[in-house]
Every structure is written in C-alpha cells, then in structure tokens.
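Structure first, then comments.
Coordinate-derived values only; no laboratory data. Just so it is clear, the model here is predicted, and its values are computed rather than measured. Every residue, glycine as well, gets a Cβ built from its backbone with ideal geometry; the counts of neighbours run over all protein chains shown.
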Amino acid sequence: MSESIGAEPYDPSAYPPFAVTVDIVVFAVRDDRLQLVLIQRNEPPFVSAWALPGGFVHENEDLEAAARREFVEETGVDTGPAHLAQLHTYGAPDRDPRMRVVTVAWWAVMAEVPDPEAGTDASYADLINVDDVVEGRIELAFDHRQIVIDALGALGDDLENSTVATSFWKDGFRISDLRQIYELVWGFELEPGNFQRKVRSIDGFVEPTGSRSLNPDGGRPAQLFMSAPTVRPLSSSLRRERDRKKKP
C-alpha cells in the first residue's frame, strides 16, 4: 500500500523493517549496596540470561509509557519508579540477532523496592549488585551491560546537580544515609563533616522532619530529613571530590 504525501509517493515497503524497544535501569539501595533490578529471559534469544526489564513498544504507545509498562509486567513491582529519565538510544545494527532493533533506554531510582517477581517473558527477577554487572561478574544479554554503565554515569552526574539522591527513600533519612548514596555511586568516601555542611548549606536540598532516628549503638538519635516529592535542580552544585579515598 502506498500513500501520497504532497506530490511525492511514499511506499513503506521500500524501507527495511525495524523494531523499537525500551529498556529500563532501576537503581535501589538494599543491604548497603547499590543494586539494580534484573530479569532472566524466558524466550530466545539469550534464554536464561540476565537482562534489563524491557520489551517492544506497542503500536500507538508512548515511549515512557512503554518503559513503565514493561517494568511492571516483567518484575511484578506494582508501581513504577517516581523518577524516570531517558538515557540514550542504542541502535547498532547487530545489537539484536532477531532483526534490526533500536532501543530507547531509561534509568530510574526507586525507594524500598519490594522483591521482584518475574512475569510475561521473564523467568526470574531479582535485585543484583551494580558492581557485579559493571565489573563483568554477571553477564547481561544484548548490550545491556553498556546501558547499565551509561546509566550509572548519568546517575553520578545528576547527583551533583539535582536532589535525585533523596529519591532512594520514601520516609525520613539521615545525612549519613544520603552520604552513603554518593559514596556508592561515585565510588569513593566523603568526609562526613564537609558533606553535611555542604548539603545543609544548599537551599531546598533537605528539610528537617522534626523527628529523629533510633540509634542502635545507644548514641544520640540522628536528625531525620526529607526533600521535595519530585527531583529538582540544586541551587548550587555538589561537586564530587575526585581525590577522596576509593571505597573498597
């Protein structure tokens, strides 16, 4: 079937077919480790391989809507991430052995992620340490390892200029909890006193909740803080100090 646009005929069959997919990198902190949600594939190609949640975009479906739908369907997590950002488009001709597939990747942060439960074309889902993926101890299907590396870089950049670090909690958090996020993502330790002074000097970054946390060591309870419900730019950048001690 051909269609005329203006005076020029247009024949879709004259162009090679390709598909569009979405893949989503969802970061969370559990057991003091930076983790991400992965699934094990239940269909070819790469059956049983670890992969990012994702899949084909439906006809007339928005890209962000597709990313949120695929995440919920493949992981069983009934609510998608509050903060979702488009990362990059990956379109190497050989990235998918089935056909020419272009994927639009997204990254997100979620607080208190429940245990994932596999659905649709996933056989298993779990939270996996980011370091195991980045350092190659766990192999991913397609080009998903590179997508994870790129998403980690995007998260690290956004930590400097936005309140995204506060998205790792639903309820109040301590300044030490916030510092842990920066250390896990940036990969080096920060001086606690300097970090706290900087954070509390930036307008709109954190606000006291009026509550304190219980200290399991019996010390003075720590003050709890909160941030705005949505990610927003910082009034001044929280620059990473690259000469700090590397975390083990």
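Quick one: order Asp171, Asp121, Asp23 by neighbouring beta-carbon count within 10 Å, fewest to most.
Listing Asp171, Asp121, Asp23 from fewest to most nearby Cβ atoms yields Asp171, Asp121, Asp23.
Obtain the nm distance between the two label points defined at Ile149 and Ser176 by a simple spin-label model: each point lies 7 Å from its Cα along the Cα-to-C-beta direction.
About 3.5 nm, to one decimal.
Please state the relative contact order of the chain as a whole percent: Cα pairs under 8 Å, 6+ residues apart?
19 percent
Measuring from a point 7 Å past the Cα of Ser48 along Cα-to-C-beta, which residues in region 126-148 have an amide N at less than 16 Å?
What the label zone holds, given the 16 Å backbone N cut-off, is 139-141.
Could you list the chymotrypsin sites (Phe, Trp or Tyr not before Pro) in region 11-58 that lie in coil according to DSSP, counting only those with at most 14 other Cβ atoms within 10 Å of their Cβ?
Phe18
Report the local net charge at Leu238: Lys and Arg +1, Asp and Glu -1, summed over other residues whose C-beta lies under 9 Å from its C-beta.
So the environment of Leu238 carries a net charge of +2.
Place a +1 charge on the Cβ of each Lys and Arg in the chain and a -1 charge on the Cβ of each Asp and Glu, then give the dipole magnitude about the Cα centre in debye, rounded to the nearest 20.
In debye, rounded to 20, the chain gives about 1420.
At 1.306 mPa s and 10 °C, plugging the Kirkwood radius over alpha-carbon pairs of region 69-218 into Stokes-Einstein gives what diffusion coefficient in µm²/s? Write down the numbers at each step before the final one.
Values: Rh = 17.9 Å.
Taking Rh from Cα pairs, D becomes 89 µm²/s.
Rounded to the nearest 0.05, what FRET efficiency do Ala222 and Asp78 have when you use their Cβ-Cβ distance and R0 = 45 Å? List each step's numbers first, then the result.
Details: r = 32 Å, r/R0 = 0.70.
Step by step, r from the Cβ atoms, then E = 0.90.
Enumerate the helices in the chain for which the Kyte-Doolittle hydropathy averages 0.0 or more and the C-alpha atoms extend at least 15 Å along the helix's axis, using complete DSSP H runs.
Values: long enough: 63-75 (18 Å, -0.58); 144-161 (26 Å, -0.07); 175-186 (16 Å, 0.23).
Length and hydropathy pass: 175-186.
May I ask for the distance between the Cα centers of region 111-172 and region 52-88, given as a whole number of Å?
A separation of 14 Å, based on Cα centres.
Can you give the helix-only mean residue ellipticity at 222 nm for the chain, where every DSSP H stretch with n ≥ 4 adds -39500 (n - 2.57) and the sum goes over all residues, rounded to the nearest 500 deg cm²/dmol?
Helix-only estimate at 222 nm: -7000 deg cm²/dmol.
For region 164-226, max minus min Cα coordinate along each principal axis, in Å, sorted largest first?
29, 26, 22
How far is it, in nm, from the label point at Arg212 to the one at Ile138 when both lie 7 Å from their Cα along the line to the Cβ?
3.9 nm
Treating only the Cβ atoms of Lys and Arg (+1) and Asp and Glu (-1) as charged, compute the dipole magnitude of region 20-159 about its Cα centre; round to the nearest 20 debye.
The dipole of region 20-159 has a size of about 300 debye.
Out of all DSSP beta bridges with both ends in the chain, state the antiparallel percent to the nearest 5.
Once the DSSP bridges in the chain are tallied, antiparallel ones form about 75 percent.
Within a 10 angstrom radius of the beta carbon, how do Leu238, Leu214, Leu38 rank from fewest other beta carbons to most?
Going from least to most buried by this count: Leu214, Leu238, Leu38.
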